[in-house]
1. When the Kirkwood radius is taken over all Cα pairs of the range 55-126, what Stokes-Einstein diffusion coefficient follows at 4 °C and 1.567 mPa s, in µm²/s?
2. Which Cα, out of Trp11, Leu58, Phe118, lies furthest along the positive dipole direction of the chain (beta carbon charges, K/R +1, D/E -1)?
3. Please give the peptides 51-59, 37-45 ranked by average Cβ packing (other Cβ atoms within 10 Å per residue), highest first, as a rough proxy for protection.
4. Among Pro137, Leu93, Leu32, whose Cα lies farthest out toward the positive end of the dipole of the chain, if unit charges sit on the beta carbon of Lys, Arg (+1) and Asp, Glu (-1)?
5. Taking a spot 7 Å from the Cα of Thr113 along the direction of its beta carbon, which residues of the range 26-50 have an amide N less than 12 Å from it?
6. Restricting to Cα pairs below 8 Å that are 6+ residues apart, what does the relative contact order work out to for the range 33-151? Please round to a whole percent.
7. Give, rounded to the nearest 20 debye, the magnitude of the charge dipole that the chain has about its Cα centre when Lys and Arg contribute +1 at Cβ and Asp and Glu contribute -1 at Cβ.
8. Highest mean first, how do 82-88, 63-69 rank when packing is the count of other Cβ atoms within 10 Å averaged over residues?
Amino acid sequence: MYVLLLTLHSWFRWAVLAGLLLALGRAGRGWLGQRPFRPLDNTLRHSAATLAQVQLMLGYALYFSSPLVASFRQSARLATSDARFFGLLHVLLMTLAVVVLTIGSALAKRRATDAARFRTMTLWFAAALLIMLAAIPWPFSPLANRPLFRF
């Protein structure tokens, strides 16, 4: 079960990032280009938030089944840097990112004008993306590094 969750979580992140980048790109162009907020924009807003929430649930399931995180929970002071990263930093930052994304999505949905919808999406989604990018265990990360794709 652990290996399946790890693989799903690793691969699904690309769907989350792609959805978020697509929604952010449309929002930025809509805001700067004074475009109308179309049904596709609304679908991308909702889809980006939903993908991130599904990924967070996969991450929570992985968190509670991971032997690395279990070692962190037993003794945080004696844990390796990888265990500290995944046991604390990764889960907190990703939760924060999804909360920011969800709030931004909800606020954008309720804005009265198209420009306000696009502006709200752009600012909140960009903040969520920056938090996510900081919390991903990239292969070059000094905190914890993992491959771009797990097999």
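1. Details: Rh = 13.9 Å.
After rounding, the answer is 93 µm²/s.
2. Phe118
3. Result, highest mean Cβ count within 10 Å first: 51-59, 37-45.
4. Positive-most Cα among the choices belongs to Leu32.
5. 34-35
6. Numbers: 110 pairs, mean separation 30.4, N = 119.
Averaging sequence separation for qualifying contacts and normalising by length gives 26 percent for the range 33-151.
7. 360 debye
8. Highest to lowest by the protection proxy: 82-88, 63-69.
The numbers here are math on the coordinates, done by the rules we state, and not lab data. Since the structure is predicted, the reported quantities are computational estimates derived from the model, not experimental observations. Methodologically, a virtual Cβ is constructed for each residue, glycine included, from the backbone with ideal geometry; neighbour enumeration extends over all protein chains shown.
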